[in-house]
Amino acid sequence: MKKLIKLLLLVSLLSFVGCKNVEQSTSASTTENTETKATGQEGVVDDTSARNIVQTAIGSKDHTTLVAAVKSADLVTSLSNAGPFTVFAPTNAAFDKLPKGTVDNLLKPENKEKLTNILGYHTYVGSLKTEYMQDGQEFDMVFGGKVKITKKGDKTFVNGSEIVASIPTANGMIHVIGDVLLPK
């Protein structure tokens, strides 16, 4: 059942990304079709609403690589929608730990599917707060399988990477980590 839900989520997320808003106007003498770029939740800007996961990440100087990856994988709209989502967000330094050229290679259009899978392994459908995570608990991620939670004193780890900060957003939770999680 969970796999079916994940598949439906993926299909709906991809359909949101692929949709474009078409505006048609008719006058007495002509019919004109005007195509406009779709703006979903990522296009909402005001002074009173809390920022979503993507808006929060864009505002972080420590997550520019993650933001570039999310944009390259066309996941901005998906991660801007209502959710809730939990994203284990590697810092720029975490991406720097990968072998030289790995990030540049993943950002190439021909590697979009692989990049999407890696980012999906950092994303959980639901809002996970560290205070509710239990030692040994596992969570099914959007792609790539499960991550395992470890507790050591007051520290929480996901697949051995410490959660160094937790940031609530309008559509879920960001947990900042110091490593890129790779599906096993």
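The values are calculated or read from the model by the stated rules, or taken from the named source; none is laboratory data. Please read these numbers as outputs of a predicted model, since none were measured by experiment. Neighbour counts are summed over all protein chains in view; Cβ atoms, including those assigned to glycine, are modelled from backbone coordinates with ideal geometry. Surface accessibility is based on the protein's heavy atoms, side chains included, excluding ligands, DNA and RNA. Shrake-Rupley method; radii C 1.70, N 1.55, O 1.52, S 1.80 Å.
List of remarks:
- Single match in Ala165, Ala89 (criterion: of a type in the set (Gly, Ala, Ser), within 14 Å of the chain's Cα centre (by Cα) and part of a strand (DSSP E or B)): Ala89
- Scanning segment 160-183 for residues that are open to solvent by 50 Å² or more (accessible area, probe 1.4 Å) and within 25 Å of Val103 (Cα to Cα) yields a count of 8.
- Any chance Pro183 is within 18 Å of Ser60 (Cβ to Cβ) and under 16 Å from the mean Cα position of the chain (by Cα): no
- Check on Ala89, under 20 Å from Lys184 (Cβ atoms) and of a type in the set (Gly, Ala, Ser): yes
- Cβ pairs under 6 Å, 6+ apart, first in segment 73-90 and farther than 14 Å from His175 by Cα, second open to solvent by 30 Å² or more (accessible area, probe 1.4 Å) and among the polar types (S, T, N, Q): Ser80/Gln41; Asn81/Gln41
- If only residues of segment 138-159 that are open to solvent by less than 60 Å² (accessible area, probe 1.4 Å) and not in a strand (DSSP E or B) are counted, the one that is farthest from Thr77 (Cα to Cα) is Asn159.
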